[in-house]
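The values are calculated or read from the model by the stated rules, or taken from the named source; none is laboratory data. As the structure is a prediction and not an experimental result, all values here were calculated from the model. Quick reminder, even Gly has a Cβ in these numbers, built from the backbone with ideal geometry, and neighbours come from all protein chains shown. Surface areas here come from the heavy atoms of the whole protein model, side chains and all, with no ligands, DNA or RNA. Shrake-Rupley method; radii C 1.70, N 1.55, O 1.52, S 1.80 Å.
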Amino acid sequence: MIPAFAVVGHPNKGKSSVVSTLARDDRVAVSMQSGTTQVSESFDIHLGEAHYKLIDTPGFQRPRKLLAWLQQQPVNADQRAARIKAFLQDDSCHQQFPDETELLTPIMEGAAILYVVDSSRPYSPEYEAEMEILRWTGQPSMALINPISNSDYIDSWQQALQQFFRTVRVFDAVKADLDQHIELLQAFAHLHQPWSQSLSSLVTAVQAEIRRQQQHSCKLAAHLLEDMVRYQQRQKVIDQQQAKSLQPVLQAAYYSWMRKRESQAHDELQTVYRHHQLQRDSSELTLSDDLFDTEKWYAWGLNRKQLAAVGGIAGAAAGGVLDLTVAGSSLLLGTLGGGAIGSSAAWLGANKLAKQKLKGLPLGGFEAKIGPMTNRNFPYVVLARFLYIYKLLNQRNHAQRDHLSVDDAQVGKLLEQLSKQQQKPIYKALDRLSRQKDVSNLADVLEPLFIEQQH
Amino acid sequence: MQTSAYARISNLLTGAVFLLGAFSTFAIMGGDALGRVNLLYLLLLFVAWPVCAMLLLFISPFLQQRASLTLQLINLPLWPPGWQQKVLKRKHQDDWQVQVFYLAQKLALSFSLACSMALIFSLLFSDVNFVWRSTLLSAEHILPVLKAIALPWWFLDAAQPLQNLLEQTRDSRLIAPQGTADYGAWWPFLIMAQLCYGVVPRLLSLSWSRYCLQQLTQASAIHNEPTSEALKNPQPEAPQLTTVAEPELPLPEYNLLYWNALPTELKHSLYAVLGTPNNAFQGGATGHPDTEQQALSATLPLVVVTAAWEPPMGELADLLQAGTGYLLPLDWNSEASQWLPVSTHYLNEWRRFCKPLPQWQLIRAEGLL
């Protein structure tokens, strides 16, 4: 049987936020207005082979009256679920209690109960009727204390909830991280034995999905870097004069393409992490959002010193190959020379942007061309910006609905957190890329940088 | 499986390679000035080249620069503008390596099929004399190689190389040709060579790569299965809000209904601002429906006090349908027995709730804070 969870409770206590967080998808509308969810909405969550359902339900509207209706006839504990079923089959009840009918239907069809309360406000007895009704359903249940604005009344809520639910957990719907999500599923697996196996495989599937998201992000970064570094804009024209006048137009088109490509990659990253609705607040940038402002590159990418060091490492690696081919008879001059050339080239060329060229064609005519971008710092700048968004999305809860603010970040600091062994292939790969050479496994090379970001 | 641009490029390349295969076979089958076709040249094209290409295929996974080679090809300046970008975009897809492998097999098969067709075409419409020439090699040297080549079709006698035929078809200025040499008898051997080393292996590798592509497509379909397209629930429309009235306080004569339990200390300070009620009733969860009805049926105006933070519910709406009066949402801290300002968000919830209840006025009591 597919595990199904009905998220129920008082109106406006964060039920939709809990659904959004557990679905790991921000397409579940979260509203501050109570009574937004008027009909139960079932969300099928597929994670590879694993599958479960989350049901967002309307809040209780008439729990006291409903309990009175249920208690009209004296029933034993073993008949209570049948009494709820009788309520659901009664047409007049449908009209009188539309919200309760909506929320109880999925529960009586087998969904487990996740009862949500807000601990920032005091416990009051008006919740008892709804908790009692839920107890009558006889379905497995868990209470979630959602501290919407503070945790002032957690203790009193815990005391009260424990009277009605076997498991009570504090679960901040807007701040809960992945570990809390997994803990919740594990707790439920213990609570409801028949679902134990499918919930265990669900936990594995969630973890596998995280891994897949990370790998996908590495690929997106690799594709972005490759596209942006290799891109060139060319136009054939009849004469040299025309080619010259075309150059500013080409440059504008080139920069516009680059900006669009970067933005598209960031959008794709959002889609990977299922933050479809999220707005990126570029106005919050403390740095200029202009990819071509080289003065800002040192803040985002590598500073001159780091750049020279990286150039030296990459140059030394190339020189080392030369030493190896002559079996060391060059007395390591290749390594040393390569390092010196690499670092000085990186130092001197740090401010150069994409080259513009104008050349005559063999069969007549001219060609104006801009790109590819050969600046050594450029891939680091692009990578830093991508990593920054990645880091934010990776940690972001899906119920959080404020804009994503982008702040200052330097890829150099992130790189320094890696071991030398992990750093070197990245330096070499990005150096090769800036020299327009092929890097076949760029996504794999970048992986440590992305996984490192999680911690 | 393929984007249309990529499929077009792939078909163009396949066509070009087909023409190349046909052209090279026709060129060799054209022979020398006397129309004699060199058997060894054909073996280079039909056996040596396909075997070397297959070897390259097997060792290519161990060549690190394989991708570099593809990139170099993509970067060649001879491709039409925009083509490189399209191929680079295709390169980002997960099945790119298999796609390249598939295309390579398709091209190789196209080449082999073109060679085979050109050979059959030449045999059908011209009388071909196959000969071989060598300064260094003799028939004894060549026969074991040819026999080794013919091993895969050992069961076909007509397509096996013979010492006698080899000696007869040697073309040399020093050795006079024997009178009844059957120069055309090599064709079954050549057709089998083309099939065994060119067509069949490439057909197999093409089928394998197609199978791999299908597997990849299926796997990616599982992973890219929409999490849930229905993951959308409608956002509410902008609500209609009633205005908040500020009546002159204290009220002259009125009854009070507490919908939520209010601390006793706060009751006193409430009376100081509102005026002492003629009757106070407790409703909601801690009260009784009969008390609520009693409060509503009284002739005096009724003030219903609610906890502002608790969202308005249907139960209260049902009750208010039957009466008239004032609705007063308040916020307080029970532990400190202190009034708190009602936040705009809470107040708006009550304004929305009160809008369809024209006989009820939403009020606030500023003097409480």
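Listed residues A:Leu161, A:Leu202, A:Leu178; which is at pLDDT below 90 and open to solvent by less than 10 Å² (accessible area, probe 1.4 Å)?
Result: A:Leu202 is the single residue among A:Leu161, A:Leu202, A:Leu178 that is at pLDDT below 90 and open to solvent by less than 10 Å² (accessible area, probe 1.4 Å).
With the structure loaded, tell me whether A:Ile389 is in contact with a His (Cβ under 6 Å, 6 or more places away or on another chain) and surrounded by 14 or more Cβ atoms within 10 Å (Cβ to Cβ) or whether it fails that test.
yes
Out of all the residues in segment B:160-172, is one or more free of Cβ contacts under 8 Å to residues at least 24 places away in the same chain and open to solvent by 50 Å² or more (accessible area, probe 1.4 Å)?
yes
So A:Gly110 ticks every box in (1) at positive phi; (2) open to solvent by less than 10 Å² (accessible area, probe 1.4 Å) but one. Which box is left unticked?
With respect to (1) at positive phi; (2) open to solvent by less than 10 Å² (accessible area, probe 1.4 Å), A:Gly110 is out only on (2).
Any residue in segment A:88-103 that is within 13 Å of chain B (Cβ to nearest Cβ) and not in a helix (DSSP H, G or I)?
Yes - at least one qualifying residue is present in segment A:88-103.
The rows are residues; the columns are (1) aliphatic (A, V, I, L, M); (2) over 30 Å from A:Val445 (Cα atoms); (3) not in a loop (DSSP other than H, G, I, E, B).
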| residue | (1), (2), (3) |
| --- | --- |
| A:Val168 | yes, yes, yes |
| A:Ser245 | no, yes, yes |
| A:Ala252 | yes, yes, yes |
| A:Ser256 | no, no, yes |
| A:Gln264 | no, no, yes |
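What tally of residues in segment B:1-47 results from selecting those that are open to solvent by less than 40 Å² (accessible area, probe 1.4 Å), modelled with pLDDT of 90 or more and of a type in the set (Gly, Ala, Ser)?
Of the residues in that region, 4 qualify.
Residue under question is A:Ala86, and the condition is that it be in contact with a strand residue (DSSP E or B) (Cβ under 9 Å, 6 or more places away or on another chain) and open to solvent by less than 60 Å² (accessible area, probe 1.4 Å); does it hold?
The answer is no for A:Ala86.
Quick test for you: out of A:Val18, A:Val30, A:Val39, pick the one residue that is under 24 Å from A:Arg401 (Cβ atoms) and in contact with a Leu (Cβ under 8 Å, 6 or more places away or on another chain).
None of the other options fit; the residue is A:Val18.
Which number in (1) more than 8 Å from every other protein chain (Cβ to nearest Cβ); (2) open to solvent by 10 Å² or more (accessible area, probe 1.4 Å) marks the one condition that A:Gln61 misses?
(1)
One line per residue, one yes/no per condition, for (1) surrounded by 17 or more Cβ atoms within 10 Å (Cβ to Cβ); (2) under 30 Å from A:Asp26 (Cα atoms); (3) more than 12 Å from every other protein chain (Cβ to nearest Cβ):
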residue: A:Asp239; (1), (2), (3): no, no, yes
residue: A:Ala243; (1), (2), (3): yes, no, yes
residue: A:Tyr254; (1), (2), (3): yes, no, yes
residue: A:Met258; (1), (2), (3): yes, yes, yes
residue: A:Gln264; (1), (2), (3): no, yes, no
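Exactly one condition in (1) farther than 30 Å from A:Phe386 by Cβ; (2) among the charged types (D, E, K, R); (3) under 19 Å from the mean Cα position of the chain (by Cα) is false for A:Asp179; which is it?
(1)
Does A:Ser34 meet the test of being part of a loop (DSSP other than H, G, I, E, B), small (Gly, Ala, Ser) and either buried (at least 16 other Cβ atoms within 10 Å of the Cβ) or touching a residue at least 60 places away in the same chain (Cβ under 8 Å) (or both)?
yes
Does A:Phe5 satisfy being facing chain B (nearest Cβ under 7 Å) and modelled with pLDDT of 85 or more?
no
Filter segment A:64-78 down to the residues that are closer than 18 Å to A:Ala129 by Cα, open to solvent by 60 Å² or more (accessible area, probe 1.4 Å) and in a helix (DSSP H, G or I) and list them by number.
Selection gives A:Lys65, A:Ala77.
If A:Ala68 passes every condition in (1) among the hydrophobic types (A, V, I, L, M, F, W, C); (2) within 13 Å of another protein chain (Cβ to nearest Cβ); (3) under 24 Å from the mean Cα position of the chain (by Cα) but one, which one does it miss?
(3) is the only condition that A:Ala68 fails.
Looking only at segment A:17-31, which residues are in a helix (DSSP H, G or I) and either open to solvent by 10 Å² or more (accessible area, probe 1.4 Å) or more than 8 Å from every other protein chain (Cβ to nearest Cβ) (or both)?
The answer is A:Ser17, A:Val18, A:Val19, A:Ser20, A:Thr21, A:Leu22.
Do we have B:Gly275 as on the phi > 0 side of the Ramachandran plot, open to solvent by less than 60 Å² (accessible area, probe 1.4 Å), of a type outside the set (Val, Ile, Thr) and modelled with pLDDT of 85 or more here?
When the stated conditions are applied, B:Gly275 passes them.
Which of the residues spanning segment A:434-452 are away from every other protein chain (no Cβ under 12 Å) and open to solvent by 10 Å² or more (accessible area, probe 1.4 Å)?
Across segment A:434-452, the qualifying residues are A:Arg435, A:Asp444, A:Val445, A:Glu447, A:Pro448, A:Ile451, A:Glu452.
Are any residues in segment A:47-83 without any contact (Cβ under 8 Å) to a residue 60 or more places away in the chain and small (Gly, Ala, Ser), and if so, which ones?
A:Gly59, A:Ala68, A:Ala77, A:Ala81, A:Ala82
Quick check on my filter: what residues within segment B:279-314 are surrounded by 20 or more Cβ atoms within 10 Å (Cβ to Cβ) and without any contact (Cβ under 8 Å) to a residue 24 or more places away in the chain?
Of everything in segment B:279-314, those that are surrounded by 20 or more Cβ atoms within 10 Å (Cβ to Cβ) and without any contact (Cβ under 8 Å) to a residue 24 or more places away in the chain turn out to be B:Met313, B:Gly314.
Considering only residues that are open to solvent by 20 Å² or more (accessible area, probe 1.4 Å) and at the interface with chain B (Cβ under 9 Å from one of its Cβ atoms), which ones fall in segment A:39-56?
Residues satisfying the conditions are A:Val39, A:Glu41, A:Ser42, A:Asp44, A:His46, A:Gly48, A:Glu49.
Just to verify a result, which residue in segment A:342-378, among those that are surrounded by fewer than 18 Cβ atoms within 10 Å (Cβ to Cβ) and assigned to a strand (DSSP E or B), is modelled with the highest pLDDT?
By that ranking, first place goes to A:Glu367.
Which residues, counting only those in segment A:398-418, are in a loop (DSSP other than H, G, I, E, B) and either at pLDDT 85 or above or in contact with a strand residue (DSSP E or B) (Cβ under 7 Å, 6 or more places away or on another chain) (or both)?
A:His398, A:His403, A:Val406
Quick check on this structure: which one of B:Ala280, B:Ala322, B:Ala307, B:Ala317 is under 18 Å from B:Thr264 (Cα atoms) and either within 59 Å of the chain's Cα centre (by Cα) or charged (D, E, K, R) (or both)?
Just a single option satisfies the conditions, and that option is B:Ala307.
Filter segment A:125-140 down to the residues that are open to solvent by less than 10 Å² (accessible area, probe 1.4 Å) and away from chain B (no Cβ under 11 Å) and list them by number.
Residues satisfying the conditions are A:Met131, A:Ile133, A:Leu134, A:Thr137.
Collect the residues in segment B:315-345 that are open to solvent by 50 Å² or more (accessible area, probe 1.4 Å), of a type in the set (Ser, Thr, Tyr) and within 13 Å of chain A (Cβ to nearest Cβ), keeping them in residue-number order.
B:Thr344
Name the residue, out of A:Phe87, A:Phe5, that is of a type in the set (Phe, Trp, Tyr) and touching a residue at least 24 places away in the same chain (Cβ under 8 Å).
A:Phe5
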